[in-house]
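These notes concern the structure reproduced below.
The values are calculated or read from the model by the stated rules, or taken from the named source; none is laboratory data. Since this is a predicted model, take the numbers as computed values, not measurements. Every residue, glycine among them, receives a Cβ derived from its backbone with ideal geometry; neighbour counts consider all protein chains shown. Only protein heavy atoms, including side chains, enter the accessible area calculation; ligands, DNA and RNA are left aside. Shrake-Rupley method; radii C 1.70, N 1.55, O 1.52, S 1.80 Å.
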Amino acid sequence: MSLELPKSGSGRLALLGGPKSTTEPFAFYRSFGREEVEAVQKVVESGVLSKFIGAWGEDFYGGEKVKEFENRWAEFFQVPHAVTVNSNTSGLMCALGAVGIEPGDEVILSPWTMSADAAAILVWNAIPVFADIETTTFNLDPRSIESKITERTKAILVTDIFGQAAQLDSIMAIAKKHKIKVIEDCAQAPGALYKNKYVGTVADIGVFSLNYHKHIHTGEGGVCVTRDAHLAERMQLIRNHAESVVARKPTDDLRNLIGFNFRMGEMEAALGIEQLKKLPALARTKTKSAEDLTARLLKLKGLRPPPVMEDCTHVYYMYVCLYDETATGVPRTKIIQALEAEGLPAVRSGYTNIHLLPMFEKRIAYGSKGFPWTMPGRESSVTYGRGTCPVAERLNEQMIGLLWCSYQFDEADVERVAKIFEKVWDHLEDLA
Ligand SMILES: *Cc1c(COP(=O)(O)O)cnc(C)c1O
């Protein structure tokens, strides 16, 4: 048999006409059980689906379940204050408003995060400034953050991307030096540890997501945590019609007390109470299955499975590898096609790079005249687009990612995933 000919028979790649490695679909992730159903039923039967009132008084803080959920969240994460909201996005808006962002101030963020982070900055007429990311964890690079700081920088919005903490100690030290605040978007890393502390509890404010796609969820929802009572109070105000409430609730700081309605309902809070109980076990299963896969993929040339930083745990919202096509001679797109053809679901060839969104490249946000970048007296020279975050742009051409949180990926599934990768790597010469 000639070595040049593609392998034939059952070993042949599905992409080249062979049989698929797996025809059975992978089960979607589910974090719910009977407990959630019963908890919601009780709320519905009580008839009280929300108790919030947008006026100063006892009901300003919401109903029984909302308060109980906040207490339990604070206890679990060992922080004095937890403020529930109806999404992580609205939580970020509360957090940025609470720290007193002024129009035209700059907030540093990552290009590899959800666009919600940039929107939450723009809501306060502040200027998003993108720092570049690291090749190891895909999190913000502290050196790049430092290089982006100006006298207008008011905060750093750091995302713990894919389920692992950013370099929080370095970032907190930079913030301290420049007397600015740090807000952590931990939507993808609930329950992950950074040096024995929960992700979200290191920065001035941590913001979690409870949307349907996350490790634990309430359909839609979010929670902000902080050690600072003043920030907690300001977030409670922004969550719930601040402008009206402060007519009767004394406050010494009116900045950004434009209130929204970001309130969580009683059903979501009741779901959240049950989901939180399950978080440690659910996060552990994500970690365990991903580590099992990594042990297998480490053997494949040109592929770097996600590294885990020292003194950290990773809860794998996504499982993102780096691929070096010079090591194999096979283009990344071919590898991805081959993996998908074998039956591997939800393979991702890129992440967000939000600095390339049309809104930024064209600097059009509020209205048509470039506000807030053109704000009189505070014109901004910040520009966006290709070349401003070269590492983030390059990594988008080198990653192969799996939506780890979207599927169950039990032991048998991980075996199937590993076998698919191994089959593709056994046939690299057929793809070259
Ligand atoms: C999911 C997610 C959000 C948005 O969360 P919502 O609760 O849907 O608003 C923000 N940032 C990151 C990194 C996310 O993964």
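As a test of the definition: which semi-axes, in Å, follow for segment 142-204 when you take the square root of five times each eigenvalue of its alpha carbon gyration tensor? Largest first, please. Present the calculation step by step, with values, prior to reporting the outcome.
Details: eigenvalues 89, 23, 19 Å².
Gyration-tensor ellipsoid for segment 142-204: 21, 11, 10 Å.
For LYS177, a cut-off of 17 angstrom between C-alpha atoms picks up these lysines, skipping any fewer than 8 places away in its own chain: LYS148, LYS154.
Pop a pseudo-label 7 angstrom from the Cα along the beta-carbon direction at both LEU16 and ALA281 and give the gap in nm to one decimal. Label at LEU16, label at ALA281, 4.6 nm between them.
Dipole size in debye (nearest 20) for the chain around its Cα centre, Lys and Arg Cβ +1, Asp and Glu Cβ -1?
Working: 49 positive and 55 negative charges, 77 e Å.
My answer is approximately 380 debye.
Which of the GluC sites (Glu not before Pro) found in segment 349-432 are loop residues per DSSP with 13 or fewer other Cβ atoms within 10 Å of their Cβ? Answer in residue order: GLU379, GLU397.
Would you calculate the volume per residue, in Å³, of the smallest convex hull containing every Cα atom of segment 339-391?
Here the figure is 108 Å³ per residue.
The value of relative contact order for the chain, using C-alpha pairs under 8 Å at least six residues apart, is 22 percent. Other residues lying with their Cβ under 12 Å from the Cβ of ALA14 contribute a combined charge of 0, Lys and Arg counting +1, Asp and Glu -1. Sorted from greatest to least, the principal axis extents spanned by the alpha carbons of the chain come out as 87, 56, 40 Å. Segment ARG227..ARG30, full-extension length gain: 67.7 nm, with 0.36 nm per residue of separation and the alpha-carbon distance subtracted.
Computed from phi, the 3J(HN,Hα) profile of segment 20-37 under the Karplus parametrisation 6.51, -1.76, 1.60 (θ = phi - 60°) reads 5, 5, 8, 10, 6, x, 7, 5, 5, 5, 9, 9, 9, x, 4, 4, 5, 4 Hz, with x in place of Gly and Pro. For segment 34-276, just say rounded, prolate or oblate: build the C-alpha gyration tensor, square-root its eigenvalues into a ≥ b ≥ c, call rounded for a/c under 1.5, and beyond that prolate if a/b exceeds b/c, oblate if not. It comes out oblate by the Cα gyration axes.
May I ask you to give the percent of accessible area on segment 274-432 that is carbon plus sulfur, with a probe radius of 1.4 Å?
On the way: 3870 of 7150 Å².
Ligands and nucleic acids excluded, carbon and sulfur reach 54 percent.
Accessible area per residue for segment 90-208 is 27 Å², calculated with a 1.4 Å probe on protein heavy atoms, without ligands, DNA or RNA. Looking at segment 56-154, the GluC sites (Glu not before Pro) that sit in a DSSP loop and have at most 16 other Cβ atoms within 10 Å of their own Cβ are GLU151. Shape of segment 91-189 from the C-alpha gyration tensor: oblate (a/c of 1.5 or more and a/b not above b/c, with a ≥ b ≥ c the square roots of its eigenvalues).
If you average the C-alpha positions of segment 14-92 and of segment 287-337 separately, how far apart do those two centres end up, in angstrom? Cα centroid of segment 14-92 versus Cα centroid of segment 287-337: 30 Å apart. Where a Cα-Cα gap under 20 Å defines reach, which lysines qualify for LYS195, not counting those fewer than 8 residues away within the same chain? Partners within reach: LYS176, LYS286, LYS288. Going by the alpha-carbon gyration tensor, a ≥ b ≥ c the square roots of its eigenvalues, is segment 188-265 rounded (a/c under 1.5) or, if a/c is not under 1.5, prolate (a/b greater than b/c) versus oblate? Oblate.
For segment 119-189, which whole percent of the accessible surface, found with a 1.4 angstrom probe, sits on carbon and sulfur atoms? Each step should come with its number before you reach the end.
Working: 1140 of 2230 Å².
Percent of accessible area from carbon and sulfur atoms in segment 119-189: 51.
Each part reduced to its alpha carbon centroid, segment 347-403 and segment 121-145 end up 11 Å apart.
Its residue count N fixes a reference of 2.2 N^0.38 Å for segment 123-244, and the Cα radius of gyration divided by that reference is 1.08.
Based on DSSP loop calls and a cut-off of at most 10 other Cβ atoms within 10 Å, the longest stretch of the chain free of exposed trypsin sites (Lys or Arg not before Pro) is what?
Numbers: sites that count: ARG30, LYS179, ARG248, LYS301, LYS369.
Result for the longest clean stretch: 31-178.
Can you give me the angle between helix 64-77 and the longest principal axis of the chain, using Cα atoms only, in degrees from 0 to 90, rounded to the nearest 10? The two axes meet at around 60 degrees. With K and R counted +1 and D and E -1, the other residues having a Cβ less than 14 Å from that of LEU279 yield a net charge of +2. Simple rule: put +1 on each Lys or Arg Cβ and -1 on each Asp or Glu Cβ in the chain, find the dipole, and look at VAL48, GLY385, SER21; the Cα lying farthest toward the positive end is GLY385.
Distance between the pseudo-spin-label points of LEU49 and SER381 (7 Å out from Cα toward the beta carbon): 5.4 nm.
The fraction of Cα-Cα pairs per 10 angstrom bin, counted from 0 for segment 20-175, comes to 9, 26, 29, 22, 12, 2, 0 percent, rounded to whole percents.
Taking K and R as +1 and D and E as -1, what net charge do the other residues with C-beta under 13 Å from the C-beta of GLU379 add up to?
Details: positive: ARG152, ARG363, LYS369, ARG378; negative: GLU106.
Here the count lands on +3.
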